[in-house]
Amino acid sequence: MKKILVIEDERDVRDVILDILDAEEFDALGAENGLVGVQLAQEKAPDLIICDVMMPELDGLGVLAALRKHPETAAIPFVFLTAKASKDDFRQGMELGADDYLTKPFTRSQLLKTISTRLEKQAVVDERVQQKLEDVRSTITLALPHELITPLNAIAGLSSVLMNECSLMEQAEIVEVAEDIHNSTQTLHRLVQNFLLYAQLELLVKSPERIKALRKGITHSVSMLVSDWVTQKAQEMNRATDLQLELKDAVVQVAQAKLKKIVDELVDNACKFSPSGTPIRILSRCNEHTFILYVIDQGRGMTPEQIENVGAYVQFERKLYEQKGSGLGLAIAKRLAELQGGELGIESIPGKQTTVRVVLPLAQD
């Protein structure tokens, strides 16, 4: 049984709506003003709220603003009930996140149709969210063990060698085995961190407040930082001599740690999927409002289908099983760019060249 909260200061109107809802077997709740309505919404978690605009103490706009500030009530479908229906009223309500308007006077059929439409749309949203949660669980429980097995096998095998044969090994051989174990642990750590980060980012998409907080970060001296990051990554992967940098400085509306993650993953992919000795070009440009970063390699490239499905779980899981390590870093970079109010695009000629283009907002004065 769907629960509907009706916030209306006119008792006769409120009672009529509640009677209609009761007759349709909804679990109907009534609130005589905005303050009571906000309290009931937080306590009862209704599936939909119908709220009058003009009320004493706290009007409908105030109710909506209050509910949208809290994660537990932010996503509840909200329908304004009003006799005042100017364009400015509609715009103000929609900017605050209202889902629909019902203008007084209204008929029984109009009320029920509005409710039905909102609940159906919310059901679709809820289904998508649930599917996303299932995808996250599937990725972690199925793909993660598959990806962990290679570094774990290396650690187990090499540590066994040290335990059983260290007395017969030269110092240089022991150091070499220890370095291989260390590299495998680093690979393992990166895999676990990336899987957890990707899961967190997918869940973050449904939290407007957390996205708003995420977008408050700022990075200064971008050209110097990007140069340091890509040089370090290329050195780690023995590709430092392949780097070609052409960077413009900027102040970007992205937290430094998030920008570094985007850059690290894109350069990691460029190094991993292009032959040693071929150039890896890192370029940046600025226009009036955006910072644009290009990462260009001459590697295996991507097909149009692979580009289209970057970040899509079906393709993501298939790639994981067919090719170790493919897809996750790029999916993280793409989602981070989108959450920051930017975008990530890919142009590729399979077997020849891939260009990844990241657009991020410049910090505004």
Report yes if ASP88 is farther than 11 Å from VAL53 by Cβ, modelled with pLDDT under 80, not small (Gly, Ala, Ser) and not in a loop (DSSP other than H, G, I, E, B), otherwise no.
-> yes
Of VAL226, VAL252, which residue is under 24 Å from GLN193 (Cβ atoms), at pLDDT 95 or above and in contact with a Pro (Cβ under 8 Å, 6 or more places away or on another chain)?
-> VAL252
If you go through VAL6, VAL36, the only one that is among the β-branched types (Val, Ile, Thr) and surrounded by fewer than 22 Cβ atoms within 10 Å (Cβ to Cβ) is VAL36
Hey, any hits in the range 268-278 for a residue that's in a strand (DSSP E or B) and either surrounded by 16 or more Cβ atoms within 10 Å (Cβ to Cβ) or not assigned by TED's automatic domain parsing to the domain that holds ILE349 (or both)?
-> no
Residue pairs qualifying under the 7 Å Cβ cut-off, at least six apart or on distinct chains, with the first in the range 25-42 being in the same structural domain as ALA66 (by TED's automatic domain parsing) and the second being among the hydroxyl-bearing types (Ser, Thr, Tyr) and at pLDDT below 95, are ALA41/THR73; GLN42/THR73
What single numbered condition from (1) at pLDDT below 85; (2) assigned to a strand (DSSP E or B) fails to hold for MET94?
-> (2)
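The values are calculated or read from the model by the stated rules, or taken from the named source; none is laboratory data. Since we're looking at a predicted model, the values are computed, not measured. FYI the Cβ positions are ideal-geometry reconstructions off the backbone, even for glycines, and counts take in every protein chain you see.
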